[in-house]
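First up is the structure itself, then whatever we jot down about it.
The values are calculated or read from the model by the stated rules, or taken from the named source; none is laboratory data. The structure presented is a predicted model; accordingly, all values stated were derived computationally and were not measured. So basically every Cβ, Gly included, is an ideal-geometry build from the backbone, and we count neighbours across all protein chains shown.
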Amino acid sequence: MAPTYSSNDSSDATASGHPYEALTPDVVLDALAALGLYGDGRLTALNSYENRVYQVHLEDRSAVVVKFYRPGRWTEAQIDEEHAFSLELTTAEVPAVAPLALNGATLHRHAGFEFSVSPYRGGRAPELDDFEVLEWVGRFLARIHAVGATRPFVARPALNLQTFGIDSRDWLLGHEMVPLDVQREWEKACNEAFELIEATALGKSSAGHGLKPLRLHGDVHPGNILWTPTDRPGGGPHFVDLDDARTGFAVQDLWMLLSGDRRERTSQLSGLLDGYEQFKSFDRRELVLIEPLRTLRLIHYSAWLARRWRDPIFPINFPWFGSSDYWKGQIQMLQDQCESMAEEPLSA
């Protein structure tokens, strides 16, 4: 799935043009040169829809990754919190990739863009059908959460029914993004799902459930874990892209690594928790949140696509979005999710 966006995110959908149209290769190289980093001319766009991210080879034969933040998505304070969290993780020897401090700062500005520079790390997606890999990933997720539990985010938002579900529904309806022929049925399916989610710790009465939120990576899917051979120094998983870090429950950083049928997901969850609980306890009451979180992400994803539609790469890469058939499919998936939320949660 696609990355997430902040509830205070300004929309691209109302813009006459798009800011990234001005982000040319020369602008990227000039931004780095202003920090004393000189490219040798080789620049590769990396896979990122939300921001613009480039691998740049430097004249000293090293390479860096430069990320230009989507204008209007996060405030400066929210980006600073992301950077501070990633630096806390690296200080605690958690293999997360943090931005470099250059000229005394990790967040920089050039030509109207905010950007950061990180060291380049290679790797491939982890083999999540391997129990040892799952256990290894689980151990490091626990270490991320141990750091995340030491203090709260102040500026970055929480992941809950309001920010991911209600705000997304209301934006889509308010901007008339859902075709009229399916709008009523889609809204009804959303509302039925929200009624079920409201009764969980993701609803307004979350404090009554006794679960403890913490700072999260927020978007732990296989694409955000770089795996390097374990027979090399520092081998194993490296966690990248804390752009979606926010407050939530620990299970958010686990469930997107689960796939397949119920038996397969149960086995994968067991592997993750076997590793996780070597470093940190896991409250199994959170497992009931897996399907509600999946449901919220489904709605949030539609709003994310709609908000980004003025960005030229979105119509190119998501040409199927927005049709009546798309929304009919969403209705069916929401109805299926209501059934899944009524089932017994996974156990491990």
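Here are a few things to note about the model shown:
- Test: Arg151 is within 17 Å of the chain's Cα centre (by Cα), assigned to a loop (DSSP other than H, G, I, E, B) and not small (Gly, Ala, Ser): no
- Out of Leu58, Leu141, sole residue that is more than 26 Å from Pro222 (Cβ to Cβ) and in contact with an Asp or Glu (Cβ under 7 Å, 6 or more places away or on another chain): Leu58
- Residues of the range 65-81 classified as of a type in the set (D, E, K, R), in a helix (DSSP H, G or I) and touching a Ser or Thr at 6+ places or on another chain (Cβ under 9 Å), total: 1
- Residue check, Asn191 free of Cβ contacts under 8 Å to residues at least 24 places away in the same chain, outside the structural domain of Ala45 (by TED's automatic domain parsing), out of contact with any Cys (no Cβ under 7 Å at 6 or more places or on another chain) and among the polar types (S, T, N, Q): yes
- Counting only helices (runs of 4 or more DSSP H) that sit wholly inside the range 283-348, those with at least 2 residues that are within 19 Å of Gly203 (Cα to Cα), assigned by TED's automatic domain parsing to the domain that holds Gly174 and modelled with pLDDT of 95 or more are 290-307, 324-342.
- The set of residues in the range 97-115 that are hydrophobic (A, V, I, L, M, F, W, C) and either surrounded by 14 or more Cβ atoms within 10 Å (Cβ to Cβ) or in contact (Cβ under 8 Å) with a residue 40 or more places away in the chain (or both) comprises Val97, Ala98, Leu100, Leu102, Ala105, Leu107, Ala111, Phe113, Phe115.
- In the range 116-134, the residues that are part of a strand (DSSP E or B) reach residues that are buried (at least 18 other Cβ atoms within 10 Å of the Cβ) and aromatic (Phe, Trp, Tyr) with C-beta atoms within less than 8 angstrom, at least six apart or across chains, in these pairs: Ser116/Tyr69; Arg124/Trp227.
- Verdict on Glu176 being in the same structural domain as Ala250 (by TED's automatic domain parsing) and part of a loop (DSSP other than H, G, I, E, B): yes
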